[in-house]
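Beneath this line is the structure, given in structure tokens, with notes to follow.
The values are calculated or read from the model by the stated rules, or taken from the named source; none is laboratory data. Please read all numbers here as calculations on a predicted model, not as lab measurements. Every residue, glycine among them, receives a Cβ derived from its backbone with ideal geometry; neighbour counts consider all protein chains shown.
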Amino acid sequence: MTGKPGEPQAPAPRAAAMAKGRQADSARRRQRVIAALDRAAGDGTEISVFALARAAAVDRTFLYRHRDLLAKIHALEAAPPPAGQGSGPAVIRASLQADLLAAHERAIRLQTRIQQLEKRLSEALGEQAWRESGLGAPPDINALTQQVTHLEQQAIDLRVQLEERDEELTAARAANRELMAQLNAAVHHR
């Protein structure tokens with residue numbers, strides 16, 4: 001362990017052996033994952049990180065640490081299954097996601113429509129309860145409107161008559177004052 005400063009030191013033989021062992025283990029696990037991936041792609045079985053980790057007997061974190069393996073898994077997940085498998089047409093992940101998105105948007109539209117209908121129902125029930133309680137407007141609104149119009153016209157006619165009588169009364173009072181003034185003037189001149 002003696003060397004010049006700044007020069008990398010040679011690893012100890014035991015540490016080198018451990019590093020080679022880890023690399024060999026990683027290579028074996030990598031080969032198991034690739035073999036499981038090939039089997040899943042050929043068999044048409046489920047392709048997902050969880051399923052492949054289980055089939056290859058590795059931890060999922062191993063797959064997440066090896067980006068190239070993870071990219072292969074995601075590519076095969078998105079790819080359509082090989083032709084001839086199953087009885088129906090091939091369904092790809094993108095198609096299922098589009099269907100899910102459409103279903104979600106439809107659910108939002110239906111929820112909005114339900115809220116609108118609930119509001120209208122609430123208003124209709126409230127109006128019906130208001131009418132049935134006797135607190136609401138009577139059913140014959142036209143007759144009441146005609147009666148209000150007739151009463152308003154009567155009030156206008158009565159105001160006109162009152163103004164005419166006020167004018168007549170004012171004129172009569174003025175004439176009375178004038179006559180009283182003439183009588184008083186005639187009594188004083190005698």
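Exactly one residue out of 137, 94 is at pLDDT below 95 and within 30 Å of residue 77 (Cα to Cα), and it is 94.
When residue 78 is tested against (1) at pLDDT 85 or above; (2) touching a helix residue (DSSP H, G or I) at 6+ places or on another chain (Cβ under 7 Å), just one condition goes unmet, and that condition is (1). Report yes if some residue within segment 155-167 is closer than 30 Å to residue 131 by Cβ and either exposed (fewer than 10 other Cβ atoms within 10 Å of the Cβ) or within 60 Å of the chain's Cα centre (by Cα) (or both); otherwise report no. The answer is yes; a qualifying residue exists.
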